[in-house]
Structures are given as C-alpha cells and as structure tokens.
Amino acid sequence: MNWSEFFSMGGYAFYVWGSYLVTLLLMGGEVVLLLRRRKLLRHRTRSSSEAGGK
Amino acid sequence: MAGINWYKYASPANFYPLAGKMIPWFAIPAAILFVVGLYVGFFVAPTDFQQGDAYRIIFIHVPAAWIGMMLYVLMAIYAAIGWAFNARLSSMMASAISITGAMFTFLSLVTGSMWGKPTWGTWWVWDARLTSTLILLFLYIGFISLQASIDDPRRADRAGAVLAIVGVINVPIIYFSVQWWNTLHQGATIRLLGKPTMAPPMLAAMLIMLAACWLYSIAVVLARLRCTILEREQSAAWAAEAAGSPARQPSWGA
C-alpha cells in the first residue's frame, strides 16, 4: 500500500478524514479550553488572595 | 482498602489534590491507546468488503456514541447523589461530566452523519436511534444551560439534578431503539454475549479506541472538576493555597 492510496481511503477521504479532523478539533479544543480556564483561574485565585481575600 | 477514610475525599478541599495526582494516570494511557487504536484501525484492520474504507469512521463513532450515553447515566447518578445527600462534590462532578458528555454525543452525531452520507446516501434521517441521540444532546445542552442560568450553585445543582434524572429514561430508549423500531441504523456492534459481528482486528481497534476515549473522559472530567472546585471555593483559604500562593499568616499583634 502506498501513501496516496492510503490518503484517498478508497474514495472516502473526505468522510473518513473529515470525521477524524472533527474529532481532533473537538477533543483538542476541549483540552485547550480547560488549560486556559485553569491558568486564568489560578491567576485570579492567587491575586485575589494577595489582595487580602474576597 | 481498609485504613483509607473514603469520606475524607468527599470534601472538595481533600479531593482537589487527589484529583490532580490522578489525572496523569488517565491522560498518558489515553494518549498511548489513541495511537495504538488508530494504528490498528488504519494499518491492521482490512478494508470492509461492503463499505470500503468508509467504515473506518466507526472507530471513533461507536466509542463516542457509547461514551455519550454512559456519561449521561453517570452524570444523572452523581447529580442524584448530590441532591439526595447534599453532597457538593458529587453535584460538581455531574456538572464536570456534562460538557464532555455533550461533546461526545455531538461527535457521535457528526461522525455518524459523515458515515451515513456515503453509506446510506443521506446525512440525516429521522430514524429512532438518530432522533433519540439528538434528544440526548438536547438533554445535555438543557442541563448545561439550566445550570448556567441559576446564580446560586446549590440551587443550580438541584435544578440540574431533576432534569438529569428525568432525562435518564432516554438512554435505554437509544440503546434498544434498533430493536424496538425498524431503524435504518444497524443493530448493536458490540455484543456482550454471542459472537462478534466483525473481523477481530476491526473489533480490537474499536475496543482500544473505546478504552482510550474512557481514559480521556476521566482525565478531562477530573481536570474540569478541579476548576469547578476552585471557582466555587474561591473564598476558602485552602483554594488560594492550592492555586500556588502562600497562605496568609495571621499577624500576631503589632
């Protein structure tokens, strides 16, 4: 099997790679959003406690 | 098991560091299993004689659909425990699960559609299984928006719990829809009893991907639960400490 044959997925490239692309975007997006939320939260929690708590 | 005080971990302050330690134990195996599962799915599993290579979508579609359903049941159980026993952490767990559950349900609908177009010739049909899965997505969205619309967290937890518990009836409907009605959607792919309906490498790829998605879900839900705990307990001193700032020392006199 060569690579161009592999990427063509027997003519179903759009559907197969499209599905995995959506999967990657959703899962990757979820992880990125969580990391950002955590970073922001840590920053806020820390600064609010330094300001004497809320 | 003996010697561990499990009640200790029902308190958010004690669970927060434990969850942090648990995350890598799920995230790393998840990443490894995704690689192995995709390798088996794309390089070991043969082309299907009926569906060609389009069937390779099921390696993500079936796990996503399963996890979308299972997370809903888990969410309802945690919400119910949180409501019945007034357990904050349990309710927070339900909220943490809801986002990932909705994500997987949406993913199962999108990938199912991407599979349906070349195989059935249509992106969507109002078939019993597809429709009940769409209702599952709406239940998740309802739960998330209901909780977001109520300012008081404990009231939001109670309202969410009612919705989650009532909606659980939809899960067996999805599961048995292919038996109860004449659906375009095919029957169960994973059977607990009886012979598997697919070639061993295909089944293996799907099960590995299912395991990977489970581990991923646990890691992501724990990470989100930690964020929720910090948000809700922000006023508590331990939260500031956990977020990395030194505890404020009480000043003794002048």
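Remarks
- Evaluating A:ARG36 against the criteria (1) at the interface with chain B (Cβ under 7 Å from one of its Cβ atoms); (2) loosely packed, with under 11 Cβ neighbours inside 10 Å; (3) modelled with pLDDT of 90 or more leaves one unmet condition, (1).
- Complete set of residues in region B:171-182 that are of a type outside the set (Gly, Ala, Ser) and in contact with a Ser or Thr (Cβ under 6 Å, 6 or more places away or on another chain): B:ILE173, B:ILE174
- Put simply, of B:ALA79, B:ALA45, B:ALA65 the only residue that is crowded, with 21+ Cβ neighbours inside 10 Å, more than 12 Å from every other protein chain (Cβ to nearest Cβ), within 21 Å of B:THR119 (Cα to Cα) and touching a Gly at 6+ places or on another chain (Cβ under 8 Å) is B:ALA65.
- Checking each residue in region B:136-164 for being under 16 Å from the mean Cα position of the chain (by Cα) and of a type in the set (Val, Ile, Thr) picks out B:ILE141, B:ILE144.
- From the list B:ALA45, B:ALA31, the one residue that fits, being out of contact with any Phe, Trp or Tyr (no Cβ under 6 Å at 6 or more places or on another chain), at pLDDT 95 or above and small (Gly, Ala, Ser), is B:ALA31.
- Any hit, region B:103-118, residues being farther than 29 Å from A:GLY11 by Cβ, in a helix (DSSP H, G or I) and more than 14 Å from chain A (Cβ to nearest Cβ): no
The values are calculated or read from the model by the stated rules, or taken from the named source; none is laboratory data. Remember, it's a predicted structure, so these values are computed and weren't measured experimentally. Neighbour counts run over all protein chains shown; Cβ positions are idealised from the backbone, glycine included.
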